[in-house]
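Novice: I have a structure I would like to understand better, so I am pasting it below and will then ask my questions one at a time.
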Amino acid sequence: MSTQEPPPARPSAGPDLSVPARRAGTAGAGRWRVLAVIAAGGALGATARYAASLAWPAAEGGFPWAVFAVNVTGCALIGVLMVLTAERGVVKHPLARPFLGVGVLGGFTTFSAYAGDVSRLLARQEAATAMAYAAATTVAALGAVWGAAVLTRALVDRRGRTS
């Protein structure tokens with residue numbers, strides 16, 4: 001007989017989606033529905049990102065503000081989404097996270113453009129701009145996820161107390 005202790009309880013009120021068997025609607029024919037909403041969301045998110053890059057093009061050798069803003073905004077929205085779906089269960093539709101998180105926000109945010117921008121800046125000998133961009137994106141994106149999650153928790157919890 002094993003004397004292993006059970007794993008610690010998760011703080012989240014939602015299902016543990018890291019276990020494939022617990023992902024609602026992803027087995028059998030349901031996986032095609034999930035794939036379809038991810039694809040549709042990805043098309044919307046990527047289109048929005050492309051529109052932002054057209055509206056706010058980066059100057060030659062300048063700071064890529066559009067990609068920076070897209071990634072920070074997308075991270076903030078991911079923080080909101082995770083609180084509303086996984087932590088507080090405000091949004092319960094089984095396709096909300098695949099559509100909004102993986103699809104829309106996955107298509108909207110872009111690590112590849114970020115990495116390409118850093119690489120291009122370095123190739124042009126713009127090391128200071130490249131390093132500032134790399135550091136600022138990381139700090140701002142992580143801060144955006146954290147800040148948006150904290151604010152969303154507070155708003156949801158306050159709404160729950162007043163209802």
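The values are calculated or read from the model by the stated rules, or taken from the named source; none is laboratory data. Only a predicted model underlies this, so the values are computations on that prediction, with no experimental measurement involved. Here the Cβ positions follow ideal geometry from the backbone for every residue, glycine too, while neighbour counts run over all protein chains shown. In case anyone asks, the SASA skips ligands and DNA or RNA and just uses the protein heavy atoms, side chains included. Shrake-Rupley method; radii C 1.70, N 1.55, O 1.52, S 1.80 Å.
Novice: Would you please name the residue that is nearest to GLY79 (Cα to Cα), looking only at residues in the stretch 131-144 that are open to solvent by 50 Å² or more (accessible area, probe 1.4 Å) and of a type outside the set (Gly, Ala, Ser)?
Specialist: LEU142
Novice: Here is a further query. Mind listing whichever residues of the stretch 114-130 are without any contact (Cβ under 8 Å) to a residue 60 or more places away in the chain and surrounded by 14 or more Cβ atoms within 10 Å (Cβ to Cβ)? Walk me through it before giving the result.
Specialist: Step one: list which residues in the stretch 114-130 are without any contact (Cβ under 8 Å) to a residue 60 or more places away in the chain, which gives 114-120, 122-123, 125, 127-128, 130.
Correct list: TYR114, ASP117, VAL118, ARG120, LEU122, ALA130.
Novice: Could I ask something else about it? Which residue out of LEU155, LEU81 is modelled with pLDDT of 95 or more and crowded, with 20+ Cβ neighbours inside 10 Å?
Specialist: Selected residue: LEU81, the only one of LEU155, LEU81 that is modelled with pLDDT of 95 or more and crowded, with 20+ Cβ neighbours inside 10 Å.
Residue-wise test of (1) modelled with pLDDT of 95 or more; (2) touching an Asp or Glu at 6+ places or on another chain (Cβ under 6 Å); (3) over 30 Å from ALA136 (Cβ atoms).
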position	(1), (2), (3)
ASP16	no, no, yes
GLY28	no, no, yes
ILE38	yes, no, no
ALA58	no, no, no
ALA69	yes, no, no
ALA76	yes, no, no
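Novice: Give me the residue from the stretch 84-113 that is crowded, with 16+ Cβ neighbours inside 10 Å and of a type in the set (S, T, N, Q) and, out of that set, farthest from the chain's Cα centre (by Cα).
Specialist: Among those residues, the one meeting the criterion is THR85.
Novice: Give me the residue from the stretch 61-78 that is more than 17 Å from the chain's Cα centre (by Cα) and touching a residue at least 12 places away in the same chain (Cβ under 8 Å) and, out of that set, nearest to ARG97 (Cα to Cα).
Specialist: Checking each candidate, the answer is PRO64.
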